[in-house]
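> Right, I'll just put the structure down here and ask away after.
The values are calculated or read from the model by the stated rules, or taken from the named source; none is laboratory data. The shown structure was predicted, so the numbers you read here are calculated from the model rather than taken from an experiment. Virtual Cβ from ideal backbone geometry, glycine too; neighbours counted across all protein chains shown. Heavy atoms of the whole protein, side chains included, go into the accessibility calculation; ligands, DNA and RNA do not. Shrake-Rupley method; radii C 1.70, N 1.55, O 1.52, S 1.80 Å.
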Amino acid sequence: MSVILLAWYDANAREMPWRTSPQARKDGVLPDPYTIWMSEIMLQQTTVVTVKDYFTRFINRWPTVRDLAAAQDADVMAEWAGLGYYARARNLLKCARAIVEEYDGVFPADHAALLTLPGIGPYTAAAVSSIAFDLPHAVLDGNVERVMARLYDIHTPLPAAKPELMEHAKALTPQQRSGDYAQAVMDLGATICTPKSPACGICPWRDPCAARAAGTMAELPKKTPKKPKPIRHGTVYLGRRTDGAWLLETRPEKGLLGGMLGWPGSDWVDSSLPHPDSTPPAKGDWEELEGEVRHTFTHFHLILRVITADLASETTPTQGEFVAKSDFSPSNLPTVMRKAFDLHYQGVSPQMTQRGPLL
DNA sequence: AACGCGTGGAG
DNA sequence: TCTCCAAGCGT
């Protein structure tokens, strides 16, 4: 089984900035564990296309784990802005510092050791130990869950089916070329055994696939239904001082958008409640903008009112701190906050708020 | 064990 | 517009 998939991978492996080709790996070349770890953290619940540019920027800016460990928290959070799941960035730094402090800057190969590190769970530990060190650990991500559920025609809904799917994933993982095998199953899931309309006709595992035989591939894996997302609403204040500085706050470490820069504002409350009370973060002539910001998080929809003011140079804010015009870039904001900024610039060149040079 | 935690693209 | 979902982890 694994031999068939590895042969398919030899001919069809996708190229990625962090990937070592199957040919190079056969020649004994393994990737730098730091780059594999970096890519795997970024790839958690995030598409390859989205990750590529972030990965390149991070590796260029912090080429080694020691460089990253020495970075300023705010610089890492700013570079992560827009990628989402910001706890990953906080744990990225914690993990880099633990590698330097506890492992002398050298990534451990051991699965159990990796598991103890911040931000590294069962999947990522298996991915790093197999891809970076060629150790025979089975990866079980969304792709592999889908491939296993179909290969063995398993109708138990996720997440209850995970242990059973993991047993199959382990049984299939070969002792040789474990890293290529891990990447191969995931490539198969991403390009052929896709969630909708899988390309069974060109699948290297078409013959042994039980779901293909039963005709159930399109309905697998089964999933337990999700709860509907409630709507919340709130207010943000965009205060600009006469010298161009913006009034921003660093959000608390824990919770939504933890550790990220954002606009001061009200709490975000359920739409069944009256509009939340809020006081502007500084004295000024505040005026509500037309339109609103709409944004959907993992578990709720958000509608924001945006209120702006020009603030006097001597203003002392009650919330947040002024960020100098030269230090501010909307690309350093999480997307929902950048949308509020975009609303302010409505009608101006949309390019203005994309990642790039400072305004 | 179930929930909190982002975002953008596809259909 | 709306739902799904993408190389999951922490609590």
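> Within a Cβ distance under 15 Å of A:GLU102, other residues only, what is the Lys/Arg minus Asp/Glu net charge?
After counting each charged neighbour, the total is 0.
> If you don't mind, there's one more thing I want to ask. Determine the per residue accessible area of chain A with all protein chains present and a 1.4 angstrom probe, expressed in square angstrom.
Working: 17710 Å² over 359 residues.
With the other protein chains kept in place, chain A gives 49 Å² per residue.
> To continue, here is another question. Lys/Arg Cβ at +1, Asp/Glu Cβ at -1, dipole of chain A taken about the Cα centre: which of A:ALA312, A:TRP80, A:SER21 is farthest positive-ward?
My answer, from the dipole projection, is A:SER21.
> Follow-up question, since we're still on this one. Can you work out ³J(HN,Hα) from phi for every residue in segment A:259-273, in order, using Karplus 6.51 cos²θ - 1.76 cosθ + 1.60 and θ = phi - 60°, giving whole Hz and x for Gly and Pro?
So the J values, rounded to whole Hz, are x, 8, 6, x, 7, x, x, 7, 5, 10, 10, 4, 5, 6, 8.
> Summarise the accessible area of chain A (1.4 Å probe, protein heavy atoms) by the percent that is carbon and sulfur. Let's see the in-between values first.
Details: 9230 of 17710 Å².
Its accessible area is 52 percent carbon and sulfur atoms.
> If one takes the longest principal axis of the Cα atoms in chain A, at what angle in degrees, from 0 to 90 and to the nearest 10, does the Cα axis of helix A:178-191 lie?
The helix A:178-191 is inclined about 70 degrees to chain A.
> Let me ask something else about it. For chain A, take the longest principal axis of its alpha carbons; what is the angle in degrees between that and the long axis of helix A:48-61, to the nearest 10 within 0 to 90?
With both axes taken from Cα atoms, the answer is about 70 degrees.
> What list of ³J(HN,Hα) values in whole Hz, one per residue of segment A:116-124 in order, does the Karplus curve 6.51 cos²θ - 1.76 cosθ + 1.60 (θ = phi - 60°) give from phi, with Gly and Pro shown as x?
For segment A:116-124, the Karplus curve yields 7, 7, x, x, 9, x, x, 5, 5 Hz.
> Once the dipole of chain A is set up with Lys and Arg at +1 and Asp and Glu at -1 on Cβ about the Cα centre, which of A:HIS155, A:SER129, A:ALA112 lies farthest towards its positive end?
Among A:HIS155, A:SER129, A:ALA112, the one farthest towards the positive end of the dipole of chain A is A:HIS155.
> Rounded to the nearest 20 Debye, what is the dipole magnitude of chain A about its Cα centre when Lys and Arg each give +1 and Asp and Glu each give -1 at the C-beta? Walk me through the intermediate numbers first.
Details: 37 positive and 40 negative charges, 198 e Å.
Once rounded to the nearest 20, the dipole reads 960 debye.
> Taking the Cα centre as origin and putting +1 on Lys and Arg beta-carbons and -1 on Asp and Glu beta-carbons, what dipole magnitude results for segment A:231-353, to the nearest 20 debye? Intermediate values should be presented prior to the final figure.
Working: 11 positive and 16 negative charges, 74 e Å.
Here segment A:231-353 has a charge dipole of around 360 debye.
> Taking every pair of alpha-carbon atoms in segment A:27-123, what share in percent sits in each 10 Å bin, from 0 to the bin with the longest distance?
Result returned by the calculation: 15, 53, 29, 3, 0.
> Separate question: Whole-Hz ³J(HN,Hα) for each residue in segment A:237-254, computed from phi via Karplus 6.51 cos²θ - 1.76 cosθ + 1.60 with θ = phi - 60°, x for glycine and proline: what do you get?
Using θ = phi - 60°, the values come out as 10, 9, x, 10, 6, 4, 7, x, 5, 10, 8, 10, 10, 8, 6, x, 4, 8 Hz.
> Binned at 20 Å from 0, what are the whole-percent values of the Cα-Cα distance distribution for chain A, short to long?
26, 48, 24, 2
> List the residues whose amide H sits under 5 Å from the amide H of A:LEU311, counting only those 5 or more places along or on another chain, with H placed 1.01 Å from N in the peptide plane.
A:ARG240, A:ARG241, A:THR242
> Can you list the residues, at least 5 places off or on another chain, whose amide H is less than 5 Å from the amide H of A:ILE231, using H built in the peptide plane?
Under 5 Å from the amide H of A:ILE231: A:SER271, A:HIS301.
> Let me ask another. Only Cα pairs under 8 Å and at least 6 apart count here; give the relative contact order of chain A as a rounded whole percent.
Working: 584 pairs, mean separation 53.7, N = 359.
Reported as a whole number, the value is 15 percent.
> Then there is this: Say we join alpha carbon atoms closer than 10 Å with springs in a Gaussian network model of chain A; which of A:GLY320, A:GLY189, A:GLY28 then has the biggest fluctuation?
A:GLY28
> Compute the Rg to Rh ratio over segment A:231-353 from the alpha carbon atoms, using the Kirkwood formula for Rh, and round to two decimal places.
Rg divided by Rh gives 0.94.
> So how tilted is helix A:142-151 from the main axis of chain A? Cα-based, degrees 0 to 90, rounded to 10.
30
> If amide hydrogens are placed 1.01 Å from N in the peptide plane, which non-local residues have theirs closer than 5 Å to the one on A:LEU261?
The list, which skips near neighbours in sequence, is A:ARG251.
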